Each structure stands twice: as structure tokens, then as C-alpha cells.
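Written out below as C-alpha cells is the structure these notes cover.
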Amino acid sequence: MAISLFDLNRELQNIAESLDIPPQAAEHAVSTYDEVAEWLGQEDSPLREYSPTIYPQGSFRLGTIISPIDPRAGFDVDVVCRLEIPKEQTTQSDLKNSVGDRLAESEDFHYLLEERRRCWTLNYPNQFHLDVLPAIPDYGLGGDGILITDTELRLWQFSNPIGYSGWFFGRMGQVLAEARAAMAKSAGVTIEEIPEWRVRTPLQRAVQLLKRHRDAHFKHDDERRPVSIIITTLAARAYDGERDIESALIKLVHEMPEYIESRNGKWWVANPAHPDENFADKWNESPERRRAFLAWLQRVFSDVGMTTFAKSARERRQNLAESFGMQRDADGIAIAKAKLPATLQEYVPAIDSIGHAQKPSWPVRELYKCTVRGNVYRKRGGTRSLWPLSDRPVPKGYALRFQADTNARPPYNVHWQVTNTGNEAREARQLRGDFYTSDSGSKGRWETTQYAGTHWVEAFVVKDGVCVARSGRRFVKIKA
């Protein structure tokens, strides 16, 4: 039996990928905070006049989210709830309570709701917690700056998640652009349809690995455990366009301490989006925190480097997995992928009778090719895609935009067959199965997700009364 070679970069990639939030869970989180935004801004909401806006922040926005060591804890997803209220017209307490009171009125949210120091948390057991942070504009900083509440502090706290993410993604430059392009090509969509937070560059992977090693190393030492924002900021400053995870991780661990400043006798890690904010302020209150941080970086370097001294590839994988607090399979070789919680594996009725699907009325001579790509939106006519349509189920109440791509020579028209299946569509007399024209001035069509089941759309390219290309069925699964 051949001896398997040990590829450190590949093994680090495997570990980092296993830390990712599963796509279904990510899409569920996105749909949840969109539902929160819709609820806060409904016509009967007392917050409607303040134009509530919800957007992600933290690791979910940056693409550095990781699974917890205890899988029962769920992923942390942080969002900002920005209300357009001048600071002089509210208080921290009133702002926070107004958001909490509105969430508590929802039949969907009230039983999930928990108050925390700065935010309101919606707990989805074994899946994720959605931390909703009330905020108002920081007119002093301008732009995307916000002021946030804190029950333990008298003064408003400032933040700028959008500005920070812009800086973070800017540190990746061409590497990020190439990764987005590769992901778009793989998904069959445009680069613009791939959100930056879905991409994983060597910097993002290295940050994920550092955070996971931190969690394992400080598992029983929360007091000295380095906060993620310091790790992320120093790593991004040290990153210099490395194109593989191994090179990036080793360089970051070695050079991150160089970006810790000393200002007037105080240790300082500046917020690049708000220079007056010091992420390392607690280091000055407890100097052992900084010492623990530097000692931990040395441990990361040692753990990664020591893999070269193991006697076999298997032993190297075992040692590396243990360093990052990962579970191993029976052979100690494979790193387990993150598993989707059972609560997210919603039931989708299988495809059933399709006798109602009509046959095309045009003669079919397939002279050209045609494919269909789809994207999920919160509502019809939306300009921001939530995620590309795939074989994963979509919740009810969302919009789908289908676009036909063909090499047929114009002029031609694209017609769409939309076919529903399942009991819900049947009982509503909405099995459909007939043909529709494209939306005005386009080769695409909008649809909505209303009935649980396995449905499909198919594009037919018609030229001079003949179908010269057809896409084949693009299936759509809608959750029960």
C-alpha cells in the first residue's frame, strides 16, 4: 500500500473548510435577518419612521466565521440594526428597548429572544444565534459610522463595521478579485452576484485557523483569551498577498506583533475605520493579556512547524488536528467537515405527478445551447441577490430571478415553462406547467417561492417560430 504524502497547505485548507458555516445555515441566517428587517419596518411598526436597516457585521460579514468547539453552541452571526435617529433625540436605553419591544411582539421571534449587554439575541438551538445590535448614525464620524448601546457604560460607544470590512477586503486586493471570479465561474453567475463575505482567500482562511487555534488553546482561560478583532486586524495588516494558506499563516504569525503600537506608554491596536478606537485597551488594564497573546502566537508557530518532525503523514495529521481542536476519524487522517444541524434539514416534498406539464407548441430543432442561472432575492425587483440558486431548499416568500444564456444569434425570444408539483400547489390550483414570456426587455423571468415541493423552470429559445435551443429543467426545491 502506497504511503500518502503530507501536504501541509492542503491539510490546513481541510481544517479551515471544516470550520465554515454550512451554506444552508448561512442562507438561513441571511433570510432570518431579512425577516427581522421586514418586521421592524412594517407599516404598523413604531420604528418604521426611523427607516430601520439591517446589515451583517463581524466575522459573518468578513468571511471569517468559524464553528464553535462545542457544536451545540451554534454559530455566532452578528447584525446591526441602524435607526435614523439623532443622538440628541434618544437614549441608549430607549433605543435598545424600542428594538427589543418590537421583536418581542413577533410570533416568530418572541420565544427566541434574549437580552444581552449590547444587543438582542435570537437563539436558534444547534444552528446559530443572531445578535441584533441597535445603533444610530454617528454624525460626528460621518459616512457609515454608528453609535451603539452598552448597559454597562454611560457614554455611547462608536463603531464602523462597514468601514472596517471595506478596509479588510481592501487588504486582499487582487487575491480577493481572483477568488470571487473563480467562485462566480464555478456557480455560473457574474462576479457581482458573489458577495464578498462568501469568498475565502488565504487571509480569511488564516484568520479562521488562528481563531480556532485560539479557542482550543484558551479553552479554559477566557480571561486571557484574545478577542477576534485584534487577531483579524493584526493579521490583515501583516498580510501581503500570499496565495496559499501555509505561507500566509506562517508569515502572519511571525509578523503580527510588529503591528502592535506603543502610544504614550500604552499598547495600541488601532481600529482602521475609527483611529480613536483602541482594540487593545484591556491590555493596558491587564498586561498579562498581551503576554498571553504573544506566547500564543509562538505556540501556533511551534504547532505548525512541529508537523515536519512527525514520523509519518498520519501522525502529522493527528498532531495538526489536535493543535486546532479538531476531531479525527477512526484512522486519524480525515478532518471531519462541519455537519448541518438536523433542524436545518427541512423537509422538501419530492417531485410527483407531472402530467400537467405541457409540451412545447413549437417544432424543436436544437441548433444552439442554452443554460439557466438563478438567484434568490428577498422580493421581486430586488437589486441585491441573497445567494445563487442551487440544489439547496429555498424558504417560502422569496423571489427568484432566472436568466437564460444562449449562443443563439438574435433576434429570438425566450419563453419559460414554469411547473409546480406537490400537494400545496395542487390544492391551490397552481400546478401550472404552461409557458410564459420573458419579463419586458430581458431574457429573464421573476418568480416567487410559494408552495412546498420540487418544481422546475425551463427556458426555450424561439427563433422564427422554431425552438432552436432549450435549457433542460432547472429544479427548484421549496421548504415545507
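Structure above, values below:
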| read-out | value |
| --- | --- |
| Lone unmet requirement of (1) assigned by TED's automatic domain parsing to the domain that holds H274; (2) within 18 Å of R237 (Cβ to Cβ) for G166 | (1) |
| Flag for N413 being outside the structural domain of A29 (by TED's automatic domain parsing), under 31 Å from the mean Cα position of the chain (by Cα), more than 26 Å from S186 (Cβ to Cβ) and not aromatic (F, W, Y) | no |
| Subset of the stretch 180-211 [touching a helix residue (DSSP H, G or I) at 6+ places or on another chain (Cβ under 7 Å), among the hydroxyl-bearing types (S, T, Y) and modelled with pLDDT under 80] | T190 |
| S93 vs. criteria outside any loop (DSSP other than H, G, I, E, B), in contact (Cβ under 8 Å) with a residue 40 or more places away in the chain and exposed (fewer than 13 other Cβ atoms within 10 Å of the Cβ) | yes |
| Filter pass, A73 being of a type in the set (A, V, I, L, M), modelled with pLDDT under 90 and more than 22 Å from Q42 (Cβ to Cβ) | yes |
| Set Q403, Q417: member being farther than 26 Å from H28 by Cα, part of a strand (DSSP E or B), at pLDDT 90 or above and among the polar types (S, T, N, Q) | Q417 |
| Checklist (1) crowded, with 16+ Cβ neighbours inside 10 Å; (2) in a strand (DSSP E or B) applied to F475, failing item | (1) |
| Hits in the stretch 44-72 - residues which are touching a residue at least 60 places away in the same chain (Cβ under 8 Å), farther than 18 Å from P195 by Cα and in a helix (DSSP H, G or I) | P71 |
| Residue ID - nearest to S442 (Cα to Cα), chosen from residues in the stretch 387-400 that are at pLDDT 85 or above and assigned to a loop (DSSP other than H, G, I, E, B) | L389 |
| Residue check for E107: out of contact with any Cys (no Cβ under 8 Å at 6 or more places or on another chain) and modelled with pLDDT of 95 or more | no |
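The values are calculated or read from the model by the stated rules, or taken from the named source; none is laboratory data. Only a predicted model underlies this, so the values are computations on that prediction, with no experimental measurement involved. FYI the Cβ positions are ideal-geometry reconstructions off the backbone, even for glycines, and counts take in every protein chain you see.
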